Amino acid sequence: MSTLTSDILTSFDVEKLREDFPVLKQQIHGKPLVYLDSAATAQKPYAVIEAIRHFHEVDCANIHRGVHELSQRSTAAYEQTRTRARQFLNAASDAEIVFVRGTTEGINLVASSWGHRHLKAGDEIVISALEHHSNIVPWQMLCEARDARLRVIPMNDRGELILEEYEKLLNARTGLVAVAHISNALGTVNPVAEMIAMAHRAGALALIDGAQAAPHLRVDVRALDADFYAFSGHKVLGPTGIGILYGKQALLENMPPYQGGGDMIRTVTFEKTTYADLPYKFEAGTPNIAGGIGLGAALEYIDRIGIERIAAWEHELLRYGTEQLERIPGLRIIGTAREKAAVISFVIEGIHPHDIGTVLDLDGIAVRTGHHCAQPVMDRFHVPATTRASLAFYNTLAEIDKLVAGIHKVKEVFA
Amino acid sequence: MVHELYQETILDHSKRPRNCHAMADADRKAEGFNPLCGDKLKLYVKMDGDIVRDASFEGSGCAISTASASLMTESLKGKTRTEALALLEKFHDLLTTDATVSDGLGKLVVFCGVRDYPARVKCATLAWHTLKSALNGADQVASTE
């Protein structure tokens, strides 16, 4: 462990940070809530809750329209989030930051807008075996519509993508490669910088699904040289229904609008409509203004703690959690990549994940059970479902001990 | 609290499911699927005129769904088609309403605790959804969704 990491761990005051999250202060079935489902959605700090409340109580107005004071305030607050998201991703320009409903919509926007203009019959889209359904289905739909072919990068038994196989899939017909930065079901951190460079060498574009990465590590779209990068607000402590799609300006300019409506136009007549400049061309209709403002507060909160400090603490949680869970007889961790984020998916011999989830819930422990919207991942590991504990910086080592005690109880009930 | 849901009979039937095998000479077969958890179940029914002579199942699922299939196959034998469908309705009411309609449910009342866990109701009803399509002769996969 580096000196820097050990300094961070010594000074990381998790109990103090937990005070910022009202939801964590409650009891579930008479036990303190142990929230281990942050990969599904992260809990929200007061800063986010207050920002949304302030908008509704004080600044509420539609944006980009009125000349009145409230509209100017709400427009400024909403656009501030765009700037903050640009800084968060280290993008070059605010014009490259498109507000969407979430990662899913970001991916669908690219599949629909870029795909229908640029993908030809016989072309290929490359995805990977560890993708969430949201980074599979939009590409399947596109390939079906364009008579294109979907190729899949396989993974090894640890849950790591096999780059030699990926290399073989790339060719002159490859239009775009779409991969997750971090797998939601396995925790694998993919070597996306290398994978993007490989795509570019083949003349293909690369889209990164950053839903699981944005909350947990520093994302620098320019250092990665990503063509598109999407993430969801609600997984980075913000509200649901808002997310960000980053796209390189030159690419976005060469893509048709995604949806038509107000705000995305320059002029409208019944004969002809001209479209607004970036990024507004992709933002039809009144957006989720409150959500956008809440997301801005969330990114500001993360910046205040420091994403490197967050990553260091989560890594410690992962190390401790893995070590403790591995000791439980009959428990098998699914996803053992060498580069991993704080997601621990596991199965227990002879006990169904739903029963594990219910018994843990009775002890106040919230985990996700099921296929995690990644059925091909479950098939790859020959399990119908797993139990997943996903950790965030507001989790403690003591909560991992509670999870372990809970699992022992599960084993007693179903012994 | 755990044992209000996972009553002894449920644990017993989940660990040692009864009638858990294929049936070569079944008259009716149906498959059930719960897309939420991926659980699959195959149900076999042997009829004697209008009466269920035998019933069995195959598949893997959670403790609730396995015990439910096991206890259902036990309780079906000797019932007419109409009686079996009426039992299904009663069982469904037990899981989804506050009504205390335990009359005629026999051992199946052990599932009363499931009522407090809405996310688990579909686990308990998968076998019964499948039964309905078997008895109605529907040649399709029964889904809880």
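Quick note: the coordinates plus some simple rules give every number you see, no bench work behind them. Quick caveat, the model's predicted, so the values are computed rather than measured. We place every Cβ from the backbone using ideal geometry, glycine too, and count neighbours over all the protein chains shown.
Please compute, for peptide A:348-357, the average count of beta-carbon atoms on other protein chains lying within 10 Å of each residue's beta-carbon.
5
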Practice problem: Give the Rg/Rh ratio for the protein assembly as shown, taking Rg as the radius of gyration of the Cα atoms and Rh as the Kirkwood radius, to two decimals. | Solution: 1.02
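Report, for chain A, the % of DSSP beta bridges that are antiparallel, rounded to 5. Intermediate results must be reported in sequence, preceding the final value.
Values: 29 of 48 bridges.
Approximately 60 percent, going by the DSSP bridge assignments.
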Self-check item: the stretch A:127-175-the stretch B:79-94 distance, computed between alpha-carbon centres (Å)
Solution: 48 Å
Quiz prompt | On Cα atoms only, tilt of A:289-305 relative to the major axis of chain A in degrees | solution = 50 degrees
Self-check item: Selected from A:Arg151, A:Arg388, A:Arg304 as most flexible by GNM, with chain A as the system and alpha-carbon contacts under 10 Å
Solution: A:Arg304
Exercise. Using a 10 Å cut-off on Cβ to Cβ distances, tally the other chain neighbours for every residue of B:36-48 and report the average as a whole number.
Key: 2
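Could you please rank A:Lys248, B:Lys90, A:Lys340, placing first whichever residue has the fewest other Cβ atoms within 10 Å of its Cβ?
B:Lys90, A:Lys248, A:Lys340
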Quiz item: Hey, what did chain A get for relative contact order, percent, Cα under 8 Å, at least 6 apart?
Solution: 22 percent
Quiz item: How many angstrom separate the Cα center of the stretch A:1-67 from the Cα center of the stretch A:195-230?
Solution: 27 Å
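Which of A:Leu89, A:Leu36, A:Leu331 comes first, and how do the rest follow, when ranked by fewest Cβ neighbours within 10 Å? Working shown, then result.
Details: A:Leu89 24, A:Leu36 29, A:Leu331 17.
Neighbour counts put them in this order, fewest first: A:Leu331, A:Leu89, A:Leu36.
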Quiz prompt | Electrostatic dipole magnitude of the stretch A:49-304 [Cβ: Lys, Arg +1; Asp, Glu -1; Cα centre; debye, to 20] | solution = 260 debye
Practice problem: Rounded to the nearest Å, what's the spacing between the alpha carbon centres of the stretch A:289-351 and the stretch B:1-55? Just the number, please. | Solution: 38 Å
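Could you work out the relative contact order of the stretch B:2-137? I mean the mean sequence separation of Cα pairs under 8 Å and 6+ apart, divided by the number of residues, in percent. Please list the in-between numbers first.
Working: 233 pairs, mean separation 39.1, N = 136.
After rounding, I find 29 percent.
Any idea what the dipole of the protein assembly as shown comes to, in debye rounded to 20, about its Cα centre with Lys/Arg Cβ at +1 and Asp/Glu Cβ at -1? Display every interim value, and only then the final one.
Numbers: 59 positive and 70 negative charges, 102 e Å.
I would put it at about 480 debye.
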Practice problem: Run the quick spin-label model on A:Thr83 and A:Tyr46: label points 7 Å from Cα toward the beta carbon, then report their separation in nm to one decimal. | Solution: 2.7 nm
Quiz item: For chain A, modelled as a GNM with alpha-carbon contacts under 10 angstrom, which of A:Ile302, A:Ile351, A:Ile136 fluctuates the most?
Solution: A:Ile351
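Assuming 1.306 mPa s and 10 °C, estimate D for the stretch A:49-304 with Stokes-Einstein, Rh taken as the Kirkwood radius over Cα pairs, in µm²/s. It would help to have the intermediate numbers written out before the result.
Values: Rh = 18.8 Å.
Translational diffusion coefficient: 85 µm²/s.
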Quiz prompt | HN-Hα J in Hz across the stretch B:109-117 - Karplus 6.51, -1.76, 1.60, θ = phi - 60°, x for Gly and Pro | solution = 5, 4, 8, 4, x, 5, 3, 7, 10
Quiz item: Using only helices, what value at 222 nm comes out for chain A when you add -39,500 (n - 2.57) per DSSP H run of length 4 or more and divide by the total residues, to the nearest 500 deg cm²/dmol?
Solution: -11500 deg cm²/dmol
Quiz item: Any idea how far apart A:Ala197 and B:Arg16 come out in nm if each label point goes 7 Å out from Cα toward Cβ?
Solution: 6.2 nm
Quiz item: Fewest to most neighbouring Cβ within 10 Å: what's the order for B:Asp12, A:Asp363?
Solution: B:Asp12, A:Asp363
